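Here, each number is a calculation from the coordinates, and none is a lab measurement. Being a predicted model, the structure only gives us computed values, none of them experimental. Here the Cβ positions follow ideal geometry from the backbone for every residue, glycine too, while neighbour counts run over all protein chains shown.
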Amino acid sequence: MKVRVFYARAAALEDRLEEALRLATPARRSKAARFRHRADQLRSLAAGLLLRRHLDVREDSDLTESPLGRLELSRAGPSFSLSHSGKFSGLALCAAGPCGLDIEPLDRKVKARLLANRVFSARERALLGDGEPDPELFFSVWTRKESLLKATGLGLLRAPESFSVAPLEAAALPALGSLWSFRTFVLESHVFSVAAPAAPDGSPVECEARETLPEELLGS
């Protein structure tokens, strides 16, 4: 199973906001406008431009929404998942099945132990050990859980503490009724996690990550 991840630095659009708005679909422009903070607007626009660049999404009609709210292509094409947080917006693509992507900056201010006690499974909490959790370990678990919920399209319909993504070194794990494979990597103090269906032979998911530069995002 192979997943390609394309990421972009949202702040790179700061000086080219008008171009980004012009190229965005009407729905993406409307979504970006609802954010109060410029950083959130730029991340949303960058996500939309990643769809445009790598999936040729140029009109609202190129996308459809599943009954559970998951965005999908309205035509034949790979499964995709969007995430944006911190300095990055990201797009994961998988031709062989549903995929999920989640990104979190390591310096995000969260009450890690409190959150873990609320939304992590017993096995995941045990993985964190005692005391304040290591940020990379905490966000590796967190982003894997989020990426799996995105891949399944369940989102808030499934309690996150009801399933486990531990142990992290496992090539494949049973969760939410299927066998899943994960890949996690850290890029410039941001944790990226990808979830995809496990390969029939149980081999780990292959993940190729590449930056999409502003010139590519804004190109014709």
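Would you check which residues across the range 16-32 are under 20 Å from S61 (Cβ atoms) and either aliphatic (A, V, I, L, M) or touching a Lys or Arg at 6+ places or on another chain (Cβ under 8 Å) (or both) and list them?
Those that are under 20 Å from S61 (Cβ atoms) and either aliphatic (A, V, I, L, M) or touching a Lys or Arg at 6+ places or on another chain (Cβ under 8 Å) (or both): L21, L23, A24, T25, A27, A32.
Restricting the range 191-212 to residues that are in contact (Cβ under 8 Å) with a residue 40 or more places away in the chain and part of a loop (DSSP other than H, G, I, E, B), which is nearest to A47 (Cα to Cα)?
In this case the residue turns out to be T212.
What are the residues in the range 65-86 that are in contact (Cβ under 8 Å) with a residue 60 or more places away in the chain, among the polar types (S, T, N, Q) and either part of a loop (DSSP other than H, G, I, E, B) or touching a Ser or Thr at 6+ places or on another chain (Cβ under 8 Å) (or both), if any?
Scanning the range 65-86 gives S66, S81, S83.
What number of residues within the range 25-57 satisfy the criterion of being within 25 Å of P98 (Cβ to Cβ) and among the small types (G, A, S)?
Counting residues in the range 25-57 that are within 25 Å of P98 (Cβ to Cβ) and among the small types (G, A, S) gives 5.
Those residues that are aliphatic (A, V, I, L, M) and surrounded by fewer than 20 Cβ atoms within 10 Å (Cβ to Cβ), I need them from the range 94-111; list them, please.
A95, A96, L106, V110
For the range 10-51, enumerate the residues that are of a type in the set (D, E, K, R) and out of contact with any Ser or Thr (no Cβ under 8 Å at 6 or more places or on another chain).
So in the range 10-51, the residues of a type in the set (D, E, K, R) come out as 14-16, 18-19, 22, 28-29, 31, 34, 36, 38, 40, 43.
The answer is E14, D15, R16, E18, E19, R22, R29, R34, R36, R38, D40.
Tally up the residues in the range 100-138 that are of a type in the set (A, V, I, L, M, F, W, C) and touching a Pro at 6+ places or on another chain (Cβ under 8 Å), please.
Counting residues in the range 100-138 that are of a type in the set (A, V, I, L, M, F, W, C) and touching a Pro at 6+ places or on another chain (Cβ under 8 Å) gives 6.
Looking at R28, R16, which is the one that is part of a helix (DSSP H, G or I), touching an Asp or Glu at 6+ places or on another chain (Cβ under 9 Å) and either in contact (Cβ under 8 Å) with a residue 24 or more places away in the chain or among the charged types (D, E, K, R) (or both)?
R28
What's the number of the condition R125 fails, among (1) more than 28 Å from H37 (Cβ to Cβ); (2) in contact with a helix residue (DSSP H, G or I) (Cβ under 7 Å, 6 or more places away or on another chain); (3) of a type outside the set (D, E); (4) in contact (Cβ under 8 Å) with a residue 12 or more places away in the chain?
(4)
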